[in-house]
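What follows is one structure encoded as structure tokens, with my remarks underneath.
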Amino acid sequence: MNHPYFPLLVIFALAAAVILALLFIAAKIGPKSTNPAKADPFESGNPPRGDARIRFSVKFYLVAMLFLIFDLEVVFLYPWAIYFRQLGIFGLVQMGIFLVILTVGYIYVWKKGALEWD
């Protein structure tokens with residue numbers, strides 16, 4: 001019980017309990033009416049034309065993956081910026097190497113044309 005991460009475990013357990021309780025309550029007291037119109041895709045009030053399932057361009061997935069990769073950069077940069085003074089020159093060199101690797105990756109993606117939207 002004296003473990004330093006115990007309060008974090010309690011918070012996660014309480015959050016999971018609240019989520020499960022809300023899902024249970026919604027399933028029990030929520031409306032259960034179904035009809036064929038609810039299964040139809042919504043197209044601004046117009047009757048649907050054709051199949052609602054269309055193929056997405058691979059570019060959308062590529063942009064999402066690039067966003068995740070470069071968004072993780074911020075996850076690493078923020079704690080580094082907070083503890084910059086305590087890390088000293090070693091922390092500066094480590095973050096410099098990290099940023100150089102990300103910059104090289106960005107230039108590679110750019111040169112390959114992954115950021116071009118045709």
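General observations
- Scanning segment 99-116 for residues that are within 22 Å of the chain's Cα centre (by Cα) and of a type in the set (Phe, Trp, Tyr) turns up just one, 106.
- Contact map, segment 93-116: residues that are farther than 23 Å from residue 59 by Cα paired with residues that are in a helix (DSSP H, G or I) and not charged (D, E, K, R), Cβ distance under 6 Å, separation 6+ or inter-chain. Pairs shown: 95/80.
- Qualifying residue in segment 87-104 (condition: polar (S, T, N, Q), exposed (fewer than 10 other Cβ atoms within 10 Å of the Cβ) and in a helix (DSSP H, G or I)): no
- Residue check for residue 7: out of contact with any Lys or Arg (no Cβ under 9 Å at 6 or more places or on another chain) and either at pLDDT below 90 or surrounded by 10 or more Cβ atoms within 10 Å (Cβ to Cβ) (or both): no
- Failed item, numbered, when residue 113 is tested on (1) at positive phi; (2) in a helix (DSSP H, G or I); (3) not hydroxyl-bearing (Ser, Thr, Tyr): (2)
- Some residue of segment 26-33 being farther than 30 Å from residue 114 by Cβ, at pLDDT below 70 and of a type in the set (Gly, Ala, Ser): no
- Residues that are assigned to a helix (DSSP H, G or I) and either at pLDDT below 90 or not small (Gly, Ala, Ser) (or both) occur in segment 47-59; there is at least one.
The values are calculated or read from the model by the stated rules, or taken from the named source; none is laboratory data. What you see is a predicted model; the values in this text were computed from it and never measured. In this analysis, Cβ positions are derived from the backbone assuming ideal geometry, glycine residues included, and neighbour counts consider all displayed protein chains.
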